[in-house]
1. For the subset of region 174-187 comprising residues that are in contact (Cβ under 8 Å) with a residue 12 or more places away in the chain and within 22 Å of S225 (Cα to Cα), which member is surrounded by the most Cβ atoms within 10 Å (Cβ to Cβ)?
2. Residues Y60, Y85: which one is at pLDDT 75 or above and in contact with an Asp or Glu (Cβ under 9 Å, 6 or more places away or on another chain)?
3. Which one of the conditions (1) out of contact with any strand residue (DSSP E or B) (no Cβ under 8 Å at 6 or more places or on another chain); (2) surrounded by 13 or more Cβ atoms within 10 Å (Cβ to Cβ); (3) on the phi < 0 side of the Ramachandran plot; (4) not basic (K, R) does S159 fail to meet, given that it meets all the rest?
4. Tell me the residue from A92, A108 that is surrounded by 14 or more Cβ atoms within 10 Å (Cβ to Cβ), over 14 Å from the mean Cα position of the chain (by Cα) and not assigned by TED's automatic domain parsing to the domain that holds A192, please.
5. What's the total number of residues in region 125-165 that are of a type outside the set (A, V, I, L, M, F, W, C) and modelled with pLDDT of 80 or more?
6. So which residues in region 204-235 are touching a helix residue (DSSP H, G or I) at 6+ places or on another chain (Cβ under 7 Å) and of a type in the set (A, V, I, L, M)?
7. Need pairs with beta-carbon distance below 8 Å; first residue within 23 Å of E96 (Cα to Cα) and surrounded by 12 or more Cβ atoms within 10 Å (Cβ to Cβ) and within region 125-141, second modelled with pLDDT under 75 and of a type in the set (A, V, I, L, M); sequence gap 6+ or separate chains.
8. Which count do you get for residues in region 190-235 that are assigned to a loop (DSSP other than H, G, I, E, B) and either closer than 20 Å to V71 by Cα or of a type outside the set (D, E, K, R) (or both)?
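The values are calculated or read from the model by the stated rules, or taken from the named source; none is laboratory data. Everything numeric here is computed off the predicted structure, so don't read it as measured data. Using ideal geometry, Cβ is built from the backbone for each residue, glycine included, and neighbour counts are taken over all protein chains shown.
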Amino acid sequence: MTRILDLWLTQPYGFDEFILQMSLGYNGRRTEIQNYRNTEATEVTETTEVTEEQKSCLLYSVDPSTIPTKVGERNQKLFELARTYFTANPTATYEERRQMVVHWWNIAHPAIGTKDVGVSIQDFERAWKQIQSGKGMILEEVMSHLVKPPASIGVLGYSELTLKLCSVMYSLHLHQKENHGGDPIIMGCRKAGDLLGVDYVDANKLLNTLASDGVIKCIQKGSGSRASRWLWDWV
């Protein structure tokens, strides 16, 4: 830790850039750090105060694949962050998990629509509990390998967001067909909103649009905590 801090003190750029480059695995910085470890400490000619918060950031390394690149990816990337961190440290305390999310958020916030870090902390905790219990893993696995819907859906003129929902429902349809004999797709508007990065009201409208256009069919409407059941209906 002391040597890494000493290394930062010798650099011409700020602490935030140093942390970002370390977290994203920037090759040049990694080479500098490795070279530094193999040589004597560089003489520090200028004194810079280092805060405790900055020191703690150096304890965490964020997998670059968990960083969103555009608005709408936050929930999916948070789940991937939780899965990656759980694999590495399944007994992490709440404070350790919270620090990880704050560090992740400091890097990811330019591409996040939901700007308050507190929301991301709670969404991460929800994902952590799902991973601990094994819930949500199938959905997230499907989300990581989305299949494009049939090209004929192009005649409906959907935009990117609606097409993504089509891909989600079609991919879940294929999963259910292959593994569960074609059982209905379980999808509520809140979960759809999380996956798309929109609020549940807009997600509900998008689901209803797909149903009106004959892409999916609702066979059981959700009520309370029970999500709606759907079948893929586009031929």
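1. So, considering only residues that are in contact (Cβ under 8 Å) with a residue 12 or more places away in the chain and within 22 Å of S225 (Cα to Cα), the one surrounded by the most Cβ atoms within 10 Å (Cβ to Cβ) is M187.
2. Values: Y60 fails: at pLDDT 75 or above.
Exactly one residue qualifies, and that residue is Y85.
3. Of (1) out of contact with any strand residue (DSSP E or B) (no Cβ under 8 Å at 6 or more places or on another chain); (2) surrounded by 13 or more Cβ atoms within 10 Å (Cβ to Cβ); (3) on the phi < 0 side of the Ramachandran plot; (4) not basic (K, R), only one is false for S159: (2).
4. Numbers: A108 fails: over 14 Å from the mean Cα position of the chain (by Cα).
After ruling out the rest, the residue left standing is A92.
5. Within region 125-165, residues that are of a type outside the set (A, V, I, L, M, F, W, C) and modelled with pLDDT of 80 or more number 16.
6. L206, L207, L210, V215, I216, A227 - these are the residues of region 204-235 that are touching a helix residue (DSSP H, G or I) at 6+ places or on another chain (Cβ under 7 Å) and of a type in the set (A, V, I, L, M).
7. Short answer, once both residue conditions are applied: Q130/M137; I131/M137.
8. 12
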